[in-house]
Amino acid sequence: MERDSNRPLPELPWYVIATAVIVLDQASKLAAEAYLAYLHPVPLLPVLSLTLSYNPGAAFSFLGDASGWQRWFFTGFALLVSVALIIWLRRLPPGERVMTWGLSLLLGGALGNVIDRLVHGHVIDFIHVHYKGWHYPIFNIADSAITVGVLLVLYQAFWLDRGRGGN
């Protein structure tokens, strides 16, 4: 059956996108813990390895060497942000696909890392991008979703809205 080309594609609900991110993130972390040895890289490409690592801090191991309070601080902060994202998503007008995707990816990524903090006390990372002597901090699917989500929200705010006569 062919789709009527005049009808827009149906929108994927935000909670489906966020849930998919959480499921992919948690499944990939389970696999990383099952098949990778801690801090022993498994090269995939000359610039990409899988390296199991644990991050008790935030992005780029910020406050990773603190005494443990940061676990609850970052968990609480991420939960507050998640509530704000859910409210924002529920108030979005229909048709805001870019913003819906961006906020949904942010939500799924934030909750994926919250699960790690609550269950393990740290975030499980395993994607390692490097080139010669340069190494990007090891990250995970949730971190990737957060990064893409931020880029989509910025794209919406600074390019799409501006093109529609927004600020």
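In this simple spin-label approximation, V150 and F73 carry label points 7 Å from Cα along the Cα→Cβ vector, and these lie 1.8 nm apart. Toward the positive end of the charge dipole of the chain, with +1 on the Cβ of Lys and Arg and -1 on the Cβ of Asp and Glu, the farthest Cα among A34, M99, P56 is that of M99.
Contact order, relative form, for the chain: 28 percent (alpha carbon pairs under 8 Å, 6 or more residues apart, mean separation divided by residue count). Placing a label point 7 Å from the Cα of R90 along the Cα-to-Cβ line, the residues of the stretch 13-36 whose backbone N sits under 14 Å from it are 14-15. Taking label points 7 Å from Cα along the Cα-to-Cβ direction, V42 and V119 give a separation of 1.8 nm. When only alpha carbons are used to place a centre, the stretch 39-56 and the stretch 98-167 end up 19 Å from one another.
A helix-only calculation puts the chain at -17500 deg cm²/dmol for mean residue ellipticity at 222 nm, using -39500 (n - 2.57) for each DSSP H run of at least four residues, averaged over all residues. For P(r) over Cα pairs in 10 Å bins from 0, in percent, pick the label among (i) 9, 34, 27, 20, 9, 1; (ii) 8, 24, 35, 22, 9, 2, 0; (iii) 10, 32, 31, 19, 7, 1 that corresponds to the value derived from the coordinates. So the calculated entry is the one marked (iii).
Only the coordinates and a few stated rules stand behind these numbers; no lab work does. None of the values given here were measured: they were computed from a predicted structure. Note that we place each Cβ from the backbone using ideal geometry, even for glycine, and neighbour counts take in every protein chain shown.
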